[in-house]
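Report on the structure given below.
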Amino acid sequence: MKKLLAIVSIAAFMTACGGNEEKTTTTGTDTTKMAPAADTTKMAPAMDTAKAAIDTAKKMMDTAKAKMDKAVDKMNDAKKEEKKK
């Protein structure tokens, strides 16, 4: 009885979910035409946010480079002092 109930429920599910689709067929399309341009007004806030993040990252990189340059200079000075001894 369980098998019969399972088969009936699967058949009902397949009948309910399948067969009611509208099939669309496409004919040949002209590939020489360009797609419409993207609407960049919707992307502007995201692009501004990304640009601000990039600018912040550049500033942080410049700061890190300056600190590393100072550290290298201090190490070179320490080497020179050690050689003098």
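The values are calculated or read from the model by the stated rules, or taken from the named source; none is laboratory data. Treat the numbers as computed from the prediction; the structure is a model and nothing was measured. Virtual Cβ from ideal backbone geometry, glycine too; neighbours counted across all protein chains shown.
For first residues located in the stretch 51-67 and without any contact (Cβ under 8 Å) to a residue 60 or more places away in the chain and surrounded by fewer than 10 Cβ atoms within 10 Å (Cβ to Cβ), partners that are among the aliphatic types (A, V, I, L, M) and part of a helix (DSSP H, G or I) and lie 6+ apart or on another chain with Cβ distances below 6 Å do not occur. So for the stretch 29-45 (the condition being part of a helix (DSSP H, G or I) and at pLDDT 65 or above), does at least one residue qualify? Yes: the stretch 29-45 contains one or more residues that are part of a helix (DSSP H, G or I) and at pLDDT 65 or above.
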